[in-house]
Amino acid sequence: MTVSTIKSRPIYPGLSPDLNARRNIIVCDKAGAAAVTELFSRADSAFAERTTIILADSLSATETQTLSRDLAPAAVEIQPTLADGIARLRQLLETAPMGLRLYAAGSEPLIGLVVQAGLDFSIDHLSIRTEHRGSLMRRVQCVHCKGYIENVTTNPVKCTHCGLTLLVRDHYSRRLAAFQGVCIDAEVPGEIPPTEALYQ
């Protein structure tokens, strides 16, 4: 994670087990699964038995078997995409009991969408335990057309909806689960700095 002085920039303190939670839901991707394995090493078997893991990533059969084995004995649900994983999380949150603890581990878009879902179900973002692992790619909202650009790795980036070239800011919206992108050449049209791969 890059260092920023912008106050809205999320901070991910890392995963730690809440041994008093009545139920746990963990959402992770392939990179985040390593953080979840480490989390389980610091918890007891009762923690694992109260935990559902949503692994939201495109995985090979071998990767699925390996990660399911590493994350056992908790219930592991494999979802092929992040969108599918978030949809499943929302289903679980609809019937979640009091005493639930929500965790997210992986890329910033994954963490942001988990926090957004939690907020929609009245879970305070400060109570969601998060750890960034893997790519620094970002989810960006164009402030001009309001479209979302997924998996952004460069700055500036061209909006896939309106075609403007956007400066990707560190300003982040939890409500939108996205960083903000603003037109980089608004004052001098055509004056665009070289593209840099900043969020690999």
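The values are calculated or read from the model by the stated rules, or taken from the named source; none is laboratory data. As the structure is a computational prediction, the values presented were derived from the model and not from experiment. Note that we place each Cβ from the backbone using ideal geometry, even for glycine, and neighbour counts take in every protein chain shown. Heavy atoms of the whole protein, side chains included, go into the accessibility calculation; ligands, DNA and RNA do not. Shrake-Rupley method; radii C 1.70, N 1.55, O 1.52, S 1.80 Å.
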Subject >> Residue match in segment 20-37 (condition: in contact with a strand residue (DSSP E or B) (Cβ under 8 Å, 6 or more places away or on another chain), among the acidic types (Asp, Glu) and under 30 Å from Arg169 (Cα atoms)) >> reply: yes
Subject >> Subset of segment 62-77 that is closer than 21 Å to Phe47 by Cβ and open to solvent by 50 Å² or more (accessible area, probe 1.4 Å) - its residue that is modelled with the highest pLDDT >> reply: Ala75
Original post:
Which strands (runs of 3 or more DSSP E) does segment 129-184 wholly contain that include 2 or more residues that are in contact with an Asp or Glu (Cβ under 8 Å, 6 or more places away or on another chain)?
Top reply: 129-132, 138-142
Original post:
So which residues in segment 122-163 are open to solvent by 50 Å² or more (accessible area, probe 1.4 Å) and without any contact (Cβ under 8 Å) to a residue 40 or more places away in the chain, if there are any at all?
Top reply: Ser122, Asp124, Leu126, His144, Cys145, Lys146, Tyr148, Lys158, Thr160, His161, Cys162
Original post:
Between a first residue in segment 57-85 that is in contact (Cβ under 8 Å) with a residue 12 or more places away in the chain and a second residue that is basic (Lys, Arg), which pairs have beta carbons less than 8 Å apart while being 6 or more apart in sequence or on different chains?
Top reply: Asp57/Lys30; Leu59/Lys30; Glu63/Lys30; Leu67/Lys30; Glu77/Arg88; Gln79/Arg88
Subject >> Condition check for Ala33: at pLDDT 90 or above and crowded, with 21+ Cβ neighbours inside 10 Å >> reply: yes
**OP:** Mind telling me which of the residues Leu59, Leu19 ends up being surrounded by fewer than 16 Cβ atoms within 10 Å (Cβ to Cβ), of a type in the set (A, V, I, L, M) and part of a loop (DSSP other than H, G, I, E, B)?
**Re:** Leu19
